[in-house]
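Asks: Supplied in structure tokens, the structure appears directly below.
Throughout, read-outs are computed from the coordinates displayed, never taken from laboratory work. Since this is a predicted model, take the numbers as computed values, not measurements. Cβ: placed from backbone, ideal geometry, glycine included. Neighbour counts: every protein chain shown.
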Amino acid sequence: MQPPLNAPSQSPEIFNPKAKSIKIPLTETTAHQNPLGKVDPLTQKAQMPTVSQVHKIRDNTAERPKKPFLTAFLLPKYWGIWLFMAILLPLVYLPLGWQFKLGKWLGKLIFKLAKRRKNDTLTNLKLCFAEYSEAQHREMAEHVFINAGVGVFESLCAWFRPDVFTRQVTISGLQHIITSQQLGKAVIVLGAHYTMLDLGGRLASMFIPVDIVYRPQNNKLLEWFIYNARLHIFNDQVAHQDMRHLAKNIKSGHIIWYTPDHDFGLKQGVIAPFVGVPAATLTAQRRLATLGKKQGDKANPPAVVMVHFYRQTPVDMPKGKKPHYHITFSPALDNYPSDDELADATRVNQLLENFIRIDATQYMWFHRRFKTQPSGVKYYQ
């Protein structure tokens, strides 16, 4: 049988350490793939840049000043947070396998101690996966907390030691973002709250500059710490109530990461099924999707795509192995927003559900997702 057109006629090249090395010039194409121009001294081939090197290419931190340190952060009410960070931060320099073990232990500890969060998680799982037994719900709930414990270390590494994730990520659907940007469109990326927390943003921003819409922390010290840690990850950070700032970024053609999977009541949304359960669903992204910079006299509204972050490696990694992550971007949603707000909310929730079901224990089930109910029923104690 003849090989298909454009198929390689030879086996892939295998590196032979005894062979005489051939110097390969850094061509324009290679330089585009590797803008840092780093070359492996042994093979004379372009090296893959590290995570932090990729971010330095388009780092605009100087344009976004840090939140200032306040002397009030030294007051006794913040000492517990300082102690926790003093214990936790040095641990990010341990091997990832050790960090995963510590994260697993941390998750199990929180599962035992945080009774309200544990009960909320079990309630959510019983509502959404009624076909499972009580023992299965408990096992799933414990794995949610284990993944969240690992996610604490993943996020800390994303902030302070990102190069441990070099070569540990694959991505699909990136062309949907690039195509929209080439058409001069802003892109609204709709995602969910997964247990890997900020690592998903760090990995995605290796490929595209991303703005994040976030809810500021109530604790001012945590807000100072997290906001400044994220400066080297996200292109911009927009508080969820600052709609003017958000609209400005959309009209400037930015890529916006927005998570519409929390219950903020019905002032900002509608009741739509989420994993089979009625849930208050944000619809602000529908209004945002009507904005965008104009192309001449014509409107050029943003593209809306879905995103999913997924750790493909189990928590209990074999010795010597590293975790692997995958990012999926969907094609741009057609006819979004439509004239039907409820249909749009149902559609987005169904797409999120499809991603969540890939591994339901990597979703943050400990939030009170179903606290707003049209019937008035109270699921949470």
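Asks: Which whole-Hz ³J(HN,Hα) couplings does region 220-233 yield from phi under the Karplus relation 6.51 cos²θ - 1.76 cosθ + 1.60, θ = phi - 60°, glycine and proline marked x?
Replies: Calculated HN-Hα couplings, in order: 5, 5, 5, 4, 4, 5, 5, 4, 5, 5, 7, 4, 8, 9 Hz.
Asks: Apply the Karplus curve 6.51 cos²θ - 1.76 cosθ + 1.60, θ = phi - 60°, to the phi angles in region 104-112 and return the couplings in whole Hz, x for Gly and Pro.
Replies: Each residue of region 104-112 in turn: 4, 5, 4, x, 5, 5, 5, 4, 7 Hz.
Asks: Once you charge only the Cβ atoms, +1 for Lys and Arg and -1 for Asp and Glu, what is the size of the charge dipole of region 299-381 about its Cα centre, to the nearest 20 debye? Write out the running numbers ahead of the final one.
Replies: Details: 10 positive and 8 negative charges, 148 e Å.
Around 720 debye, computed over region 299-381.
Asks: Please tell me the relative contact order of region 59-189 in percent, rounded to the nearest whole number, where contacts are Cα pairs under 8 Å and at least six residues apart.
Replies: Values: 66 pairs, mean separation 36.3, N = 131.
Over region 59-189, the number comes to 28 percent.
Asks: Separate question: Note down the relative contact order for region 167-362 as a percent, whole number, built from C-alpha pairs under 8 angstrom at least six residues apart.
Replies: Relative contact order of region 167-362: 29 percent.
Asks: Using alpha carbon centroids, what distance separates region 157-211 and region 82-117, in Å?
Replies: Between the Cα centre of region 157-211 and that of region 82-117, the gap is 25 Å.
Asks: Beyond 30 Å between alpha-carbons counts as too far, so tell me which of Lys104/Lys126; Lys101/Lys378; Lys112/Lys378 fall in that bin. List each step's numbers first, then the result.
Replies: Working: Lys104/Lys126 23 Å; Lys101/Lys378 37 Å; Lys112/Lys378 24 Å.
Over 30 Å Cα-Cα: Lys101/Lys378.
Asks: Using 1/(1 + (r/R0)^6) with R0 = 35 angstrom and r between the beta carbons of Leu174 and Lys378, what's the FRET efficiency to the nearest 0.05?
Replies: Details: r = 43 Å, r/R0 = 1.23.
Approximately 0.20, to the nearest 0.05.
Asks: Okay, moving on. Could you compute the FRET efficiency for Ala299 and Arg368, with r as their C-beta to C-beta distance and R0 at 41 Å, rounded to 0.05?
Replies: The pair Ala299/Arg368 has a calculated efficiency of 0.60.
Asks: Going through region 128-192, which trypsin sites (Lys or Arg not before Pro) have at most 13 other Cβ atoms within 10 Å and a DSSP loop state?
Replies: Arg167
Asks: To continue, here is another question. Going toward the positive end of the dipole of region 167-362, with +1 on Lys and Arg Cβ and -1 on Asp and Glu Cβ, which of His193, Leu183, Met243 do you reach last?
Replies: Leu183
Asks: Based on the alpha-carbon gyration tensor of region 167-362 and its eigenvalue square roots a ≥ b ≥ c, which shape applies: rounded if a/c is under 1.5, prolate if not and a/b is larger than b/c, or oblate? Don't skip to the end; give the middle numbers.
Replies: On the way: a/c = 1.38, a/b = 1.28, b/c = 1.08.
Rounded.
Asks: Can you give the relative contact order of region 179-260 as a percent, counting alpha carbon pairs under 8 Å and 6+ residues apart?
Replies: Dividing the mean separation by the residue count of region 179-260 yields 51 percent.
Asks: I'd like to compare 225-237, 81-93: which one has the highest average count of other Cβ atoms within 10 Å, and what's the full order after that?
Replies: 225-237, 81-93
Asks: Here is a further query. Only bridges with both residues in region 167-362 count here: give the DSSP antiparallel percent, nearest 5.
Replies: Beta bridges within region 167-362, antiparallel portion: roughly 40 percent.
Asks: Still on this structure, I have one more. For Asp340 and Leu94, what is the calculated FRET efficiency with R₀ set at 41 Å and r taken between the beta-carbons, to the nearest 0.05?
Replies: Efficiency, rounded to the nearest 0.05: 0.20.
Asks: Filter the trypsin sites (Lys or Arg not before Pro) in region 275-381 down to the DSSP loop ones having no more than 16 other Cβ atoms within 10 Å, then list what survives.
Replies: Those satisfying the criteria are Lys293, Lys294, Lys319, Lys321, Arg357, Arg368, Lys371, Lys378.
Asks: Val169's amide H: which non-local residues (gap 5+, or another chain) put their own amide H closer than 5 Å, with H modeled 1.01 Å from N in plane and none for Pro or chain starts?
Replies: Tyr325
Asks: At 0.36 nm per residue, minus the direct Cα-Cα distance, what do Arg116 and Phe73 gain on full extension? Give it in nm, one decimal, please.
Replies: 12.7 nm
Asks: Given the Cα-Cα distance of Arg357 and Arg138 and 0.36 nm per residue of separation, how much length would full extension add, in nm? Write out the running numbers ahead of the final one.
Replies: Details: separation 219, 0.36 × 219 = 78.84 nm, distance 1.71 nm.
Residue separation times 0.36 nm, minus the Cα-Cα distance, leaves 77.1 nm.
Asks: Continuing with this model, one more query. Between region 232-290 and region 348-381, how many Å separate their Cα centres?
Replies: 17 Å
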